[in-house]
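Each reported figure results from applying straightforward, stated rules to the coordinates on display, with no laboratory input. Note that the structure is predicted; figures quoted are calculated from it, not measured. In this analysis, Cβ positions are derived from the backbone assuming ideal geometry, glycine residues included, and neighbour counts consider all displayed protein chains.
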């Protein structure tokens, strides 16, 4: 019996010793504070959140840039401070918006120059069209770097913005995006990129709340553009709706430039929805709204942010009444800075500024302020833009900008309802948290 | 009873001795170790301190910098510029054809072939290149593959025919490609946002490897596939495919995937710029040093204020050795091997290390 006890003890000792050899790596999933979900994601909408904790949750800490460059001295002998603007400027359906973006940036630079520029040097906007040969954005970013740009503002189309930031990473040039709502844009972990406009993740959460919780729709059909804007934007809406129990009854596509949507709308009707969500460009969405009315389809209509566009109202006319959409800011806000911007912009360019002009103005001002703070050094400009202190809560004309650790603007999203050819804005309220 | 205690005690002693010696890495490992680091910068004749890539070529070494292509030969640096025929001063990638000895150069403004002392330039305008920014180039027999922002390019040097692979004719989510490597009669493409695309030379067919969870903000299971769809580099050797991302590392043996992260392995950082396997050992250029891994143990090389250090990691145990010298900068971008030497491209200078074990 005693032998048995000793054997037992010896065995325990040996096992304990062996355990020292076993892998003791910290293979546990990274801990994550549930109250601090990435991207303002409601806990019930976390991917797999109802079933399984993930092994790793990304974007809870900013990705540092540890490379060289901060030691470079400011160059002498320059006659201007160049800043690149990448935008669709011609040859593309988004060219009007791209030109608004450029004009918003130009206005910010001109105002800075009127105050003396940077140490007496004027800021010079270097515009580049991102529409052209395949992957043109990549070549344009190289050109901007070659011509001495200290930072880049842009662009709108996510196909081009993704291409641009990969080159920017190689060239180590800061990029401030003010027009691409693709959530994956900042989910690339490139530590040279910030975004100062709300993304489709934020817009989708606002829409899901409004459509399913506030309006209590249960069967939503989606008609979206057959492009990356439509695909990625709807992806966030679809996932969020599904996770709270409302799978889409239909998701169907149309092409840019398409003018007849009869076949798609017949399928929408056959899916028996109680609401329809459109996600595309202003032109096609306007035409779709008209054809829905012609076909006697009186479903409540919701639309993506690109419907906040005079073109949409112009095409859809009275048919647009009652349509609800989101917008990344409130252009009817009463901020004096916003009013002054709108007045100056109209005086200079002869049109009302759109959402891209307004966010470009804010983004360019942030670049300019960074240069004022640290001088002409790309790594230091990057540091300022990304430190999550200097510009955290920055009060731009588009409202307060709050960057998450992925440097994505998670500031307020606005709902916009169309009434008699005008947009009525109200802050989005997520009720389910 | 006494015998039992002796056996148990001996077992304990051996176990503890084994554990004590393993982190050292020398007594039980064939892992190569490097030291005696030399650093080369503009002071030594390089045209820039930003080194994008390095490629050993026999006794010579080709170096891609932000301001030109450099040939290191007979202890001297010779710089080639746009005036010499280089497509763009920014040289992002390099490879040397084993068949011809030609040097293929991926730049920010097109691709060059350096052959017989002459540069030939390929761009979107004069060839089938998908885009002029060439992130990666690899020679695979008569074929040259490149990764560009507009898709993967394939050039048959015999027929002089080009092919472009994008989301339209390959299983990519997007056309953006970042890295390419060859091995086992296959070509592997790191597709930004699309995981890894495998091209089989024999059949001309593709297959893709993506992160099964389909989400950018998480990795649900570390060993279920590529750890993230944003892939930055690939390397294949001895039947193992190594996949680098800005979110961790993946290893694929043809059957099983295994994910590694900085919190559960010896990987110095999840932000991996480049990977290159040399036999069974893979080297990862991260923003926190150069890490090597032979599927069992890890060594990371770093520079410090007083020189350098080697950080060993195995089974959760780590130890550090200090060295008089270290790599030029901890932000590492490229690596290659030349006999007992290792060359490392960094954010500030080029390093050469010598094998010390």
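What share of Cα pairs, in percent, lie more than 28 angstrom apart in chain B?
Result for the distance tail: 44 percent.
When you look at the Cβ of every residue in A:65-75, what mean number of other chain Cβ atoms sits within 10 Å?
Numbers: counts 4, 10, 11, 10, 5, 0, 2, 1, 0, 0, 0.
Whole-number average of other-chain Cβ neighbours for A:65-75 is 4.
Enter the mean number of other protein chain beta carbons within 10 Å of the beta carbon of each residue in B:257-263, as an integer.
Per residue, the average neighbour count from other chains is 2.
Give me the distance between the Cα centres of the range A:349-410 and the range B:287-315, rounded to whole Å.
If we compute the Cα centre of each part, the gap is 38 Å.
Using the eigenvalues of the Cα gyration tensor, what equivalent ellipsoid semi-axes result for the range A:252-320 when each is taken as the square root of five times the eigenvalue, whole Å, largest first?
That gives 18, 13, 11 Å for the three semi-axes.
Ratio of Rg to Rh for the protein assembly as shown, alpha carbon only, Kirkwood? Working shown, then result.
Working: Rg = 28.4 Å, Rh = 28.1 Å.
Result for the protein assembly as shown is an Rg/Rh of 1.01.
Within a 10 angstrom radius of each residue's Cβ in A:141-147, how many Cβ atoms of other chains show up on average? Whole number is fine.
3
Take the Cβ-Cβ distance between residue B:160 and residue A:73 as r, set R0 to 51 Å, and report the resulting FRET efficiency rounded to the nearest 0.05.
Given R0 = 51 Å and the Cβ-Cβ separation, E is 0.60.
What order, most packed first, do the peptides A:80-91, B:225-236 have when packing is the mean number of other Cβ atoms within 10 Å of each residue?
Order by mean packing, descending: B:225-236, A:80-91.
Order B:87-98, B:337-348 from most to least packed using the mean count of other Cβ atoms within 10 Å. Provide the component values of the computation, followed by the final result.
On the way: B:87-98: 22.5, B:337-348: 20.3.
For the peptides B:87-98, B:337-348, the packing ranking is B:87-98, B:337-348.
Return A:285, A:373 ranked ascending by Cβ neighbour count within 10 Å, so the fewest neighbours appear first.
Numbers: A:285 28, A:373 12.
With the fewest neighbours first, A:285, A:373 line up as A:373, A:285.
Taking the Cα centre of each part, how many Å lie between the range A:136-186 and the range A:285-325?
Going from one Cα centre to the other spans 33 Å.
Can you run the Rg to Rh ratio on the range A:188-233? Use alpha carbon positions and the Kirkwood inverse-distance Rh. Please report the intermediate quantities before stating the final value.
Values: Rg = 14.0 Å, Rh = 12.8 Å.
Result for the range A:188-233 is an Rg/Rh of 1.09.
Starting from the Kirkwood Rh over alpha-carbon pairs, what translational D in µm² s⁻¹ does chain A have by Stokes-Einstein at 37 °C and 0.692 mPa s?
Estimated via Stokes-Einstein, D reaches 140 µm²/s.
Rounded to the nearest 10 degrees, what's the angle between the helix B:2-21 long axis and the longest principal axis of chain B, both from Cα atoms, 0 to 90?
30
So for the pair residue A:334, residue A:263, with labels modelled 7 Å out along Cα→Cβ, what separation do we get in nm?
It is 5.2 nm.
May I ask you to sort B:276, A:332 by Cβ crowding, counting other Cβ atoms within 10 Å and putting the fewest first?
Ascending Cβ contact count within 10 Å gives the list A:332, B:276.
With springs only between Cα atoms under 10 Å apart, run a GNM on chain B and tell me which of B:188, B:119, B:221 wobbles the most.
B:221
Ranked from highest to lowest mean number of other Cβ atoms within 10 Å per residue, what is the order of the peptides A:339-347, B:108-116?
Highest-to-lowest ranking by the protection proxy: B:108-116, A:339-347.
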